[in-house]
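Take a look at the structure set out below.
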């Protein structure tokens with residue numbers, strides 16, 4: 001496959017094969033920071049945090065997806081994203097994400113007892129990822 | 001001896017029941033298809049996640065509290081049943097299997113139930129249920145699975161249970177589901193032999209080693225749970241579909257028999273009336289002859 005400029009990406013959730021196609025590169029939210037996967041990347045397993053999965057398509061268009069944490073696995077024959085939840089920009093309810101963000105932020109600033117902090121943080125991260133995806137997509141990237 | 005009218009009433013009653021059972025049969029069939037599709041759809045994800053876990057474990061030195069074997073002083077058993085009945089022996093089969101399991105344990109067993117039928121059965125027998133979860137909706141949403149997962153992992157890590165097992169109805173086919181009890185915690189990383197041979201690569205991990213397990217293992221527990229819940233759902237719908245088919249068939253047979261009985265009674269009544277009319281006429285004719 002020398003000279004190939006794209007590779008195969010699949011995004012899987014427990015519910016379904018969420019997205020698949022050939023891509024030029026992927027920029028993903030790793031637990032230790034953003035990373036990029038180009039063609040011919042060494043076999044790797046990355047843990048993801050909730051965030052934006054940025055995919056560059058063969059025709060140079062961008063595809064953004066909000067992912068809810070999980071893994072990105074680079075295998076010689078394909079690259080897979082395993083995530084608990086994934087959403088395309090058109091599936092995102094911006095108003096709802098906004099409300100979720102406010103709710104989580106309020107919980108985190110008040111820190112009243114009975115607040116599940118890791119859970120609120122995760123909710124906040126997911127809401128921010130959704131908002132970002134919606135924003136990128138509407139910014140005319142496509 | 002029931003009157004003809006009683007029989008007519010019974011026929012009507014059975015016919016109504018038959019309509020209900022037939023509708024339930026068709027609904028169960030539709031839900032079964034959806035549950036099967038769900039089980040099918042989860043397979044690639046589950047397989048890939050299992051592969052990662054296998055590779056991480058094969059890379060060696062996998063250490064994590066969820067993998068830790070300790071002396072077993074108390075066992076936890078998660079029993080997955082349904083919230084609803086009318087599914088043939090579905091719940092009874094799982095509960096019997098779970099009962100065998102508990103009887104074999106040499107240490108106390110704590111029970112977590114998923115599904116109302118299991119909880120009600122055990123409570124009626126005076127068994128304490130440590131924790132109960134309603135059966136997840138037919139969509140088997142991740143939040144629902146996550147709540148159960150959290151509790152199980154928490155109970156294992158806190159030392160409340162030193163082992164956790166999972167009892168559910170494994171779906172084989174529409175006509176066959178097998179109640180099984182499988183070990184869940186501590187996790188036994190799948191070995192290479194268990195999976196199909198595949199292309200292996202020397203992976204690097206980020207974050208390295210144990211930190212990755214921190215994310216991976218709870219996810220893996222969730223996948224095992226999710227699959228058990230979906231399979232249990234498919235088994236339940238299949239059992240209900242078969243039970244309702246049988247009920248519909250016996251209702252048809254009952255209607256047939258009752259109709260036959262009703263017709264015979266009607267015939268008898270007609271014959272009797274005819275006889276009465278004829279003999280009455282005969283008697284009249286005789287009397288007239290004698291008078292003449």
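Given the condition surrounded by 15 or more Cβ atoms within 10 Å (Cβ to Cβ) and under 30 Å from residue B:117 (Cβ atoms), answer yes or no: does some residue in segment B:47-63 qualify? The answer is no; no qualifying residue exists. In segment B:123-150, the qualifying residues are those that are assigned to a loop (DSSP other than H, G, I, E, B) and surrounded by 14 or more Cβ atoms within 10 Å (Cβ to Cβ), and the one that is farthest from the other protein chains (Cβ to nearest Cβ) is B:127. It is to be established whether one or more residues within segment A:31-48 are in contact (Cβ under 8 Å) with a residue 60 or more places away in the chain and assigned to a strand (DSSP E or B). Checking segment A:31-48: not a single residue is in contact (Cβ under 8 Å) with a residue 60 or more places away in the chain and assigned to a strand (DSSP E or B). In this structure, is residue A:4 assigned to a loop (DSSP other than H, G, I, E, B), at negative phi and either modelled with pLDDT under 90 or within 14 Å of another protein chain (Cβ to nearest Cβ) (or both)? Yes; evaluated as a whole, the condition is true for this residue. Annotation note: of A:96, A:61, the sole residue that is under 28 Å from residue B:218 (Cβ atoms) and surrounded by fewer than 18 Cβ atoms within 10 Å (Cβ to Cβ) is A:96. Residue B:72 passes every criterion in (1) under 24 Å from the mean Cα position of the chain (by Cα); (2) assigned to a loop (DSSP other than H, G, I, E, B) apart from (1). Of all the numbered requirements in (1) within 14 Å of chain A (Cβ to nearest Cβ); (2) within 15 Å of the chain's Cα centre (by Cα), residue B:43 misses one, and that requirement is (2). Would you confirm whether any residue within segment B:210-232 is modelled with pLDDT of 90 or more and away from chain A (no Cβ under 14 Å)? Yes. Filter segment B:242-253 for residues that are surrounded by fewer than 23 Cβ atoms within 10 Å (Cβ to Cβ) and either out of contact with any strand residue (DSSP E or B) (no Cβ under 7 Å at 6 or more places or on another chain) or under 30 Å from residue A:12 (Cβ atoms) (or both) and give the result. Hits for segment B:242-253 are B:242, B:245, B:246, B:247, B:248, B:249, B:250, B:251, B:252, B:253. Within segment B:14-24, is even one residue farther than 30 Å from residue B:265 by Cα, part of a helix (DSSP H, G or I) and either more than 14 Å from chain A (Cβ to nearest Cβ) or in contact (Cβ under 8 Å) with a residue 12 or more places away in the chain (or both)? Among the residues of segment B:14-24, at least one is farther than 30 Å from residue B:265 by Cα, part of a helix (DSSP H, G or I) and either more than 14 Å from chain A (Cβ to nearest Cβ) or in contact (Cβ under 8 Å) with a residue 12 or more places away in the chain (or both), which makes the answer yes. Annotation for segment A:91-102: no member residue is touching a residue at least 40 places away in the same chain (Cβ under 8 Å) and in contact with a strand residue (DSSP E or B) (Cβ under 6 Å, 6 or more places away or on another chain).
The values are calculated or read from the model by the stated rules, or taken from the named source; none is laboratory data. This structure is a prediction, so every number in the text was calculated from the model and none was measured. With ideal geometry, Cβ positions are generated from the backbone for all residues, glycine too; neighbour counts draw on all protein chains shown.
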